[in-house]
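Colleague: Before I ask anything, let me first share the structure, which is written out below as structure tokens.
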Amino acid sequence: LSPSDTLKSWAEKFWSLKNIQVVPNPFTLSDRWLNLPISPRKKQICFVGKLSVLKGMVSFTKAIPLILKKYPDYTIVLVGRDEVENNINMKDWMQNQLQPYLHQIIFTGVLVADSLEKVYAESAIAIFPSLWENYPTVVLEAMAAGVAVAASNRGGIPEIIEHHKTGELFNPMNPTEIFKAVDHLLQNETYRIALAESARRSVIELQSK
């Protein structure tokens, strides 16, 4: 069994496995999240996941100044535990790189479900810049909560998001592409709301299969 077509292809190529069936990771839709109003939302962008290289924090850190220079009235909320890789603390590294913008950035650490729901309910956009993912339920959570999603075009994410229909996809290695995806959503509120509505419907349809 594989949670995604991407991992199935990888296992077939590198492990020579056959007869692999794709069964997505379990995901339970919360009625509370589905009932969150899509509009209005605060001028807030969120990320949910580990603060790590694999989750795309290096490129995202480079994209944040581009985003906040154009949208100085926005706040970026980073939800998730800090990681130490090669003796480098990611949160410390990010804060060092983003000194001029720290008044617009909130590091929450790990949140319980109710607090995470509040972050989603208040965010206009959720960003998932992972270098690779299998079948990330966190993306489904954001879509169900009515947040417009900008996410990496790597791994199983494109199996969840259809570009320009249920989300914005970008190359996670390119900070400019991350900025452009966010910019596209923030420039056009009508488009952002329509995308969020379409994304919520797609999650409901996925759960009904």
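The values are calculated or read from the model by the stated rules, or taken from the named source; none is laboratory data. What you see is a predicted model, and the numbers here were worked out from it, not measured in a lab. As a convention, Cβ positions derive from the backbone with ideal geometry for all residues, glycine included, and neighbour counts pool all protein chains shown. Accessible surface is based on the protein model in full, side chains and every heavy atom, while ligands, DNA and RNA are left aside. Shrake-Rupley method; radii C 1.70, N 1.55, O 1.52, S 1.80 Å.
Colleague: I'm told residue 23 meets every condition in (1) at pLDDT 95 or above; (2) aliphatic (A, V, I, L, M); (3) surrounded by fewer than 18 Cβ atoms within 10 Å (Cβ to Cβ) except one. Can you identify the failing condition by its number?
Modeller: With respect to (1) at pLDDT 95 or above; (2) aliphatic (A, V, I, L, M); (3) surrounded by fewer than 18 Cβ atoms within 10 Å (Cβ to Cβ), residue 23 is out only on (1).
Colleague: Continuing with this model, one more query. What number of residues within region 22-55 satisfy the criterion of being within 14 Å of residue 147 (Cβ to Cβ) and aromatic (Phe, Trp, Tyr)?
Modeller: Here the count works out to 2.
Colleague: While we're on this one: Which of (1) within 16 Å of the chain's Cα centre (by Cα); (2) closer than 19 Å to residue 178 by Cα; (3) assigned to a helix (DSSP H, G or I) is the odd one out, the single condition residue 116 does not satisfy?
Modeller: Unmet for residue 116, out of (1) within 16 Å of the chain's Cα centre (by Cα); (2) closer than 19 Å to residue 178 by Cα; (3) assigned to a helix (DSSP H, G or I): (2).
Colleague: For residue 106, which of the numbered conditions (1) in a helix (DSSP H, G or I); (2) more than 13 Å from the chain's Cα centre (by Cα); (3) in contact (Cβ under 8 Å) with a residue 24 or more places away in the chain fails to hold?
Modeller: (1)
Colleague: Determine which member of the set 66, 36, 54 is part of a helix (DSSP H, G or I) and either in contact with an Asp or Glu (Cβ under 9 Å, 6 or more places away or on another chain) or open to solvent by 50 Å² or more (accessible area, probe 1.4 Å) (or both).
Modeller: None of the other options fit; the residue is 66.
Colleague: Looking at region 69-120, which of its residues are farther than 30 Å from residue 200 by Cβ and open to solvent by less than 80 Å² (accessible area, probe 1.4 Å)?
Modeller: 82, 83, 85, 89, 90, 91, 93, 94, 95, 98, 101, 102
Colleague: Report, by residue number, each residue of region 121-136 that is among the aromatic types (Phe, Trp, Tyr) and open to solvent by 30 Å² or more (accessible area, probe 1.4 Å).
Modeller: The answer is 132, and nothing else.
Colleague: Restricting the search to region 6-19, which residues are surrounded by 15 or more Cβ atoms within 10 Å (Cβ to Cβ) and at pLDDT 85 or above?
Modeller: If the condition is that a residue be surrounded by 15 or more Cβ atoms within 10 Å (Cβ to Cβ) and at pLDDT 85 or above, then 6, 7, 8 are the ones that fit.
Colleague: Say whether the condition of being on the phi > 0 side of the Ramachandran plot and either modelled with pLDDT of 95 or more or of a type in the set (D, E, K, R) (or both) is met by at least one residue in region 114-128.
Modeller: no
Results for (1) closer than 24 Å to residue 69 by Cα; (2) at pLDDT below 95, shown as yes or no for each residue.
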| residue | (1), (2) |
| --- | --- |
| 156 | no, yes |
| 161 | no, no |
| 165 | no, no |
| 170 | yes, no |
| 178 | yes, no |
| 192 | yes, no |
| 197 | no, no |
| 200 | no, no |
| 206 | no, yes |
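Colleague: Could I ask something else about it? Please find, within region 70-97, the residue that is nearest to residue 114 (Cα to Cα) out of those that are of a type in the set (Ser, Thr, Tyr) and assigned to a loop (DSSP other than H, G, I, E, B).
Modeller: The qualifying residue nearest to residue 114 (Cα to Cα) is 74.
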